[in-house]
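Everything below concerns the one structure shown next.
The values are calculated or read from the model by the stated rules, or taken from the named source; none is laboratory data. All values derive from a computational prediction rather than experimental measurement. Using ideal geometry, Cβ is built from the backbone for each residue, glycine included, and neighbour counts are taken over all protein chains shown. In case anyone asks, the SASA skips ligands and DNA or RNA and just uses the protein heavy atoms, side chains included. Shrake-Rupley method; radii C 1.70, N 1.55, O 1.52, S 1.80 Å.
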Amino acid sequence: MAEKNNDTYKRLSRAAFGKCQAMWNKSGRSYMAAEIVEDQCKLQLIHPNQTRWNSTYMAVERIIRIIQEKGEDAIRNLYVLLHRLSPAEIVFLTEYCTVMKPLVTALNILQSETNTHLGWLLPVVFQLEAKLSRLETTSKMCLPLIRAVQDGIEKRFGGMIKDPELIAAAILLPKFKTTWTERADIIEAGLVYVRQHLDQMAEAAVEQAGQHSSDEEDFFSSMKSRRSQGTGELDGYLACVSNKMDLLNSFPHIKNLSVKLNTGLPASAACERLFSSAGLLFTAKRARMNSANFENQLLLKLNRKLID
C-alpha cells in the first residue's frame, strides 16, 4: 500500500530490500557466506519467512545492528557479486526499523498466550496509534509506510474502538482502568456498560437473597443495593492506585464481570501455533495414529516445559 501511494518510497524500498534479499539468499545458500558473517560479525543473518509475522523486521533489524555495531565493512566479504547498500538505503532501513518497532511490539503483546487478555486489545491499539502519530513528525523517508499502517489499523480495528464490551474489558483490567486513552467518550461508553452489568448482577443477587423477605421489602431492596454494591464497587475499584490483578479480589462483582469479558485471547496466534504443532506430529508416516494417541502426543509437545 505504501509503495502504491509514493513513487519515491517505492524506488527506495525496492532497491534496499532487493539488496537485503540478495544477502539473505547468499548467506542461506552458502555455508561459506554464513560462516563469514558469523566470523566477522559474531552474529548470523536472520532470514524472513512467510509464517512469522515479524520476520522481515527482525531480518532488517539484524542487518542494521551489524552495520551500526561492527560497521558495514564487517559484511563486505558477503558483497562479492552483490551491490553494496548506499548511505541513503541504510538510512531508509534504519528508519524502517524505527517505524515498524511499535507495530512489532504490539503484535508480540497481542499474540502472547500468558498474561494477555481481551482487554489488552484497545489499549495496545490506542498506544500504537499514538506512537505512529509521533513518528509522523520525525520521519523523512517512511512517511508513506506510517500512513499505510495507520490506514490498516483503522480498517481492521475502526469498528472495534467504540465497542462498549471491549472498552469495558480494558477498564476492568487493573493495569489499564481509564488511563489508556484521553478520549472521554470512549471511557464513558465503557463505564456505562460496566454500570449496567453491575446493576444487573446486584439485582440478581438481591432477588436471590430476598426470596424469604416480605413483598414490600423485596420490591424496594434492589434500588438501594444497586447503588451500594454496583456503583460503589466501581468507584472504589477506579480509586485504587494498585495495578495488580490481585486488586480484583477486593471487588467480587467487578472480578466476575472482568473474568467474563477477559477470558478470551485478543489474537489467534495461540491456535495457529497449536495447529502448526499438530501438523508436525501428524505426518504421512503417522497416518494410522488414533485420535487419543495423537492428542496425548500433542499435549506432551506443547507442555514439555512443565516436564523438564
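Below are the figures for this structure:
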{"item": "Cβ pairs under 9 Å, 6+ apart, first in the range 290-308 and under 11 Å from S277 (Cβ atoms), second hydroxyl-bearing (S, T, Y)", "result": "L298/S277; K301/S277; L302/S277"}
{"item": "The range 172-182, subset touching a residue at least 12 places away in the same chain (Cβ under 8 Å) and open to solvent by 30 Å² or more (accessible area, probe 1.4 Å), residue nearest to E129 (Cα to Cα)", "result": "T178"}
{"item": "Residues satisfying the stated conditions in the range 183-202, i.e. within 21 Å of L128 (Cβ to Cβ) and open to solvent by 30 Å² or more (accessible area, probe 1.4 Å)", "result": "R183, A184, D185, A189"}
{"item": "Residues of the range 147-171 that turn out to be buried (at least 20 other Cβ atoms within 10 Å of the Cβ) and out of contact with any Phe, Trp or Tyr (no Cβ under 8 Å at 6 or more places or on another chain), as a count", "result": "4"}
{"item": "Residue that is under 15 Å from the mean Cα position of the chain (by Cα), over 30 Å from A15 (Cβ atoms) and of a type outside the set (F, W, Y), where the choices are L191, L128, L122", "result": "L122"}
{"item": "Any pair with Cβ under 7 angstrom, 6 or more apart, that starts in the range 221-250 at a residue that is within 15 Å of L198 (Cα to Cα) and ends at one that is β-branched (V, I, T) and modelled with pLDDT of 90 or more", "result": "E233/I254; L234/V194; L234/I254; Y237/I254; L238/T178; L248/I254"}
{"item": "Which listed residue, of K19, K10, K4, is touching a His at 6+ places or on another chain (Cβ under 6 Å) and under 30 Å from D151 (Cα atoms)", "result": "K19"}
{"item": "Of the criteria (1) part of a loop (DSSP other than H, G, I, E, B); (2) in contact with a His (Cβ under 8 Å, 6 or more places away or on another chain), which one A169 fails", "result": "(1)"}
{"item": "Members of the range 119-142 that are of a type in the set (A, V, I, L, M, F, W, C) and open to solvent by less than 50 Å² (accessible area, probe 1.4 Å)", "result": "W120, L121, L122, V124, V125, F126, L128, A130, L132, L135, C142"}
{"item": "Residues that are open to solvent by less than 30 Å² (accessible area, probe 1.4 Å), modelled with pLDDT of 80 or more and among the polar types (S, T, N, Q), drawn from the range 229-287", "result": "S258, N262, S277"}
{"item": "Single unsatisfied condition, Q44 versus (1) among the polar types (S, T, N, Q); (2) surrounded by 15 or more Cβ atoms within 10 Å (Cβ to Cβ); (3) modelled with pLDDT under 85", "result": "(2)"}
{"item": "Verdict on A202 being at pLDDT below 90 and of a type in the set (G, A, S)", "result": "yes"}
